[in-house]
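Following: one structure in structure tokens, then a few remarks.
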Amino acid sequence: MTYPNITKATFLTRPNRFIAEVEINGRKETVHVKNTGRCRELLIHGAEVWLTEPKTAGRKTRYDLVAVRKNTGVLFNIDSGAPNKVMREWLDAQSFDRVIPEYTYGNSRVDFYMERGNEKHLLEVKGCTLEIGGVGYFPDAPTERGVKHIRELIRAKAEGYNSAIGFVIQTDGVSEVRPNVATHAEFGKALNDAKAAGVKVLFFTCHAEPDSLIITGMTEG
């Protein structure tokens, strides 16, 4: 997944979860943040950030903030839309007979439904941008929607689907994601219940550049 254009800037402040103030070549600009999570350890004053310019009509902001360099020097893609895009690219290379995004199952929309022969697969994708000590954690803010999706995957597994939750790690050097129970204990319990029910937990390692994100490998947790 590659962004068609990219601009480097300096992060200043984040008035709310949807926008940020950045500086571009000495000019202050309000930009859209493509991640409603907290990102507190990433979006700090003075951080290097990268913006993309969609150039779509009717926008309130010119740029989207999509990447940031952490104070450790490591680059993170924080675009919440990127995990599904790179996952679709990855799935299209896995010899499935069908890949259907945004598949309606029960009362939820699961990110991907796949078929291979008689096998039916459901995959829910979660992007991970929180890293502590070389380990990824999810979520970085409470997510009732995430818990609901896990419960749907458990039900689907009982009905014969090959169910999985895939964590796309949006930075280099991290290969494992753990539930962030300090932020949302219920998510951790749901994930443990899913494992016990046979739902696969997959970790997708990535390589991030200011203008791109690509899946480099997969392991099972």
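The values are calculated or read from the model by the stated rules, or taken from the named source; none is laboratory data. Small disclaimer: the values here were computed from a predicted structure and weren't measured. Here Cβ is always computed from backbone atoms with ideal geometry, including for glycine, and neighbour counts include all displayed protein chains.
When segment 130-142 is limited to residues that are farther than 24 Å from residue 198 by Cβ and among the small types (Gly, Ala, Ser), the one that is surrounded by the most Cβ atoms within 10 Å (Cβ to Cβ) turns out to be 141.
Condition test on residue 194, is it at pLDDT 95 or above, closer than 20 Å to residue 109 by Cβ and surrounded by 19 or more Cβ atoms within 10 Å (Cβ to Cβ)? Walk me through it before giving the result.
Working: at pLDDT 95 or above: yes; closer than 20 Å to residue 109 by Cβ: yes; surrounded by 19 or more Cβ atoms within 10 Å (Cβ to Cβ): yes.
Yes: the conditions hold for residue 194.
The set of residues in segment 1-19 that are within 19 Å of residue 81 (Cβ to Cβ) and either part of a loop (DSSP other than H, G, I, E, B) or touching a His at 6+ places or on another chain (Cβ under 8 Å) (or both) comprises 1, 3, 4, 5, 6, 17, 18, 19.
Taking segment 204-221 as the search range and keeping residues that are among the aliphatic types (A, V, I, L, M) and farther than 16 Å from residue 135 by Cα, which one is surrounded by the most Cβ atoms within 10 Å (Cβ to Cβ)?
First, pick out the residues of segment 204-221 that are among the aliphatic types (A, V, I, L, M): 208, 213-215, 218.
Okay, now just the ones that are also farther than 16 Å from residue 135 by Cα, so 208, 213-215.
Numbers: 208: 19, 213: 25, 214: 14, 215: 20.
Top of the filtered list is 213.
Scanning segment 150-170 for residues that are surrounded by 23 or more Cβ atoms within 10 Å (Cβ to Cβ) and either at pLDDT below 95 or among the hydroxyl-bearing types (Ser, Thr, Tyr) (or both) gives a single hit, 163.
A Cβ distance below 6 Å, combined with a sequence gap of six or more or placement on separate chains, defines the contacts here; from segment 139-163, residues that are in contact (Cβ under 8 Å) with a residue 40 or more places away in the chain reach residues that are surrounded by fewer than 16 Cβ atoms within 10 Å (Cβ to Cβ) and in a loop (DSSP other than H, G, I, E, B) in the pairs 152/106; 157/198.
The residues of segment 123-168 that are over 16 Å from the mean Cα position of the chain (by Cα) and either under 19 Å from residue 84 (Cα atoms) or among the aliphatic types (A, V, I, L, M) (or both), listed by number, are 132, 148, 152, 153, 154, 156, 158, 162, 163. Of the residues examined, residue 146 is not one that is surrounded by fewer than 15 Cβ atoms within 10 Å (Cβ to Cβ) and either assigned to a helix (DSSP H, G or I) or not hydrophobic (A, V, I, L, M, F, W, C) (or both). When residue 141 is tested against (1) modelled with pLDDT under 95; (2) in contact with a helix residue (DSSP H, G or I) (Cβ under 8 Å, 6 or more places away or on another chain), only condition (2) is not met.
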